[in-house]
Amino acid sequence: MSDIRLPRRFAPVETISDSALVVRDHLASTLRILKLGTESTDASRAELAREYELLAGFRHFGLPRAHDFGRLDDGRAWLTMEAVPGAAPRGPLTRPELRLLVDGLCEPLGLLHARGLVHRDVKPDNVRLDRATGRVVLLDLGLAGAPGRLEEIRGTVGYMAPEASGGETV
């Protein structure tokens, strides 16, 4: 990611993945997660814009808060969201941690479902558990959408519902 020219207001702090990094937002004087579009195409920009709008439409402690959306010089879109403390839950979890995790995911998933959406990629890497505060946050709404049959399999195969991998309605 060293070849990416970020807007000057952002200073890279840590690379999270091929498409996300922690940045210092100099305008807000805080850390943010900056998620990048994968391609410089209209479809990729539209997908990230949809995720931004979806996140921006929620105000819930179980979902990260969306902050900004823009476009890099190379044409890829970016969005920034709250840098959620904690880490992806890794086992073995204690019984209280497991209960906290399950309880903490029920509300944000319920909010999505109440709006007629399914997440489609619930897995440990898309969850943050802050053991110090007990906060659980569901991340990465990029695949969220209305229930139904998808034209292509999307998500993480090892974590998807069996009906999704078989091309059935989810």
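Run D103 past the list (1) farther than 30 Å from R5 by Cα; (2) at pLDDT 95 or above; (3) charged (D, E, K, R); (4) open to solvent by less than 50 Å² (accessible area, probe 1.4 Å) and report the number of the one that doesn't hold.
(4)
Taking T133, is it over 30 Å from V13 (Cβ atoms), open to solvent by 40 Å² or more (accessible area, probe 1.4 Å), modelled with pLDDT of 90 or more and of a type in the set (V, I, T)? It would help to see each step written out before you state the result.
Details: over 30 Å from V13 (Cβ atoms): no; open to solvent by 40 Å² or more (accessible area, probe 1.4 Å): yes; modelled with pLDDT of 90 or more: yes; of a type in the set (V, I, T): yes.
It is false that T133 is over 30 Å from V13 (Cβ atoms), open to solvent by 40 Å² or more (accessible area, probe 1.4 Å), modelled with pLDDT of 90 or more and of a type in the set (V, I, T).
Would you say L31 is more than 17 Å from T133 (Cα to Cα), in a strand (DSSP E or B), open to solvent by 40 Å² or more (accessible area, probe 1.4 Å) and in contact (Cβ under 8 Å) with a residue 40 or more places away in the chain?
Working: more than 17 Å from T133 (Cα to Cα): yes; in a strand (DSSP E or B): yes; open to solvent by 40 Å² or more (accessible area, probe 1.4 Å): yes; in contact (Cβ under 8 Å) with a residue 40 or more places away in the chain: yes.
It is true that L31 is more than 17 Å from T133 (Cα to Cα), in a strand (DSSP E or B), open to solvent by 40 Å² or more (accessible area, probe 1.4 Å) and in contact (Cβ under 8 Å) with a residue 40 or more places away in the chain.
Out of all the residues in the range 107-128, which are surrounded by 15 or more Cβ atoms within 10 Å (Cβ to Cβ) and either in contact with an Asp or Glu (Cβ under 7 Å, 6 or more places away or on another chain) or at positive phi (or both)?
Across the range 107-128, the qualifying residues are R120, D121, N126.
In the range 81-97, how many residues are part of a loop (DSSP other than H, G, I, E, B) and open to solvent by 40 Å² or more (accessible area, probe 1.4 Å)?
Residues flagged as part of a loop (DSSP other than H, G, I, E, B) and open to solvent by 40 Å² or more (accessible area, probe 1.4 Å) within the range 81-97 amount to 7.
State all residues of the range 47-84 that are within 23 Å of R135 (Cα to Cα) and among the basic types (K, R); if no residue qualifies, say none.
Hits for the range 47-84 are R59, R65.
For residues in the range 54-80 being open to solvent by 60 Å² or more (accessible area, probe 1.4 Å) and aromatic (F, W, Y), which is nearest to R24 (Cα to Cα)?
Among those residues, the one meeting the criterion is F69.
If we scan the range 41-53, do we find a residue that is among the basic types (K, R), buried (at least 19 other Cβ atoms within 10 Å of the Cβ) and within 21 Å of T156 (Cβ to Cβ)?
Taking the range 41-53 first, the residues among the basic types (K, R) are 45, 50.
With buried (at least 19 other Cβ atoms within 10 Å of the Cβ) added as a condition, the list becomes none.
Looking through the range 41-53, none of the residues is among the basic types (K, R), buried (at least 19 other Cβ atoms within 10 Å of the Cβ) and within 21 Å of T156 (Cβ to Cβ).
Please go through the range 98-135 and give me each residue that is assigned to a loop (DSSP other than H, G, I, E, B), under 17 Å from Y159 (Cβ atoms) and free of Cβ contacts under 8 Å to residues at least 40 places away in the same chain, ordered by number.
Filtering the range 98-135 for residues assigned to a loop (DSSP other than H, G, I, E, B) gives 115-117, 119-123, 131-134.
Then drop every residue that is not under 17 Å from Y159 (Cβ atoms), which leaves 119-123.
Result: H119, D121, V122, K123.
Among the residues of the range 26-38, is any farther than 25 Å from V118 by Cβ and among the small types (G, A, S)?
Keep residues of the range 26-38 that are farther than 25 Å from V118 by Cβ, which gives 26-32, 34.
Cutting the leftovers down to among the small types (G, A, S) gives us 28-29.
So far as the range 26-38 goes, yes, one or more of its residues are farther than 25 Å from V118 by Cβ and among the small types (G, A, S).
The values are calculated or read from the model by the stated rules, or taken from the named source; none is laboratory data. Please read these numbers as outputs of a predicted model, since none were measured by experiment. Don't worry about glycine lacking a Cβ; one is built from the backbone with ideal geometry, like all the others, and counts go over all protein chains shown. The protein model used for the area step is the full one, side chains on, heavy atoms only, and it has no ligands, DNA or RNA in it. Shrake-Rupley method; radii C 1.70, N 1.55, O 1.52, S 1.80 Å.
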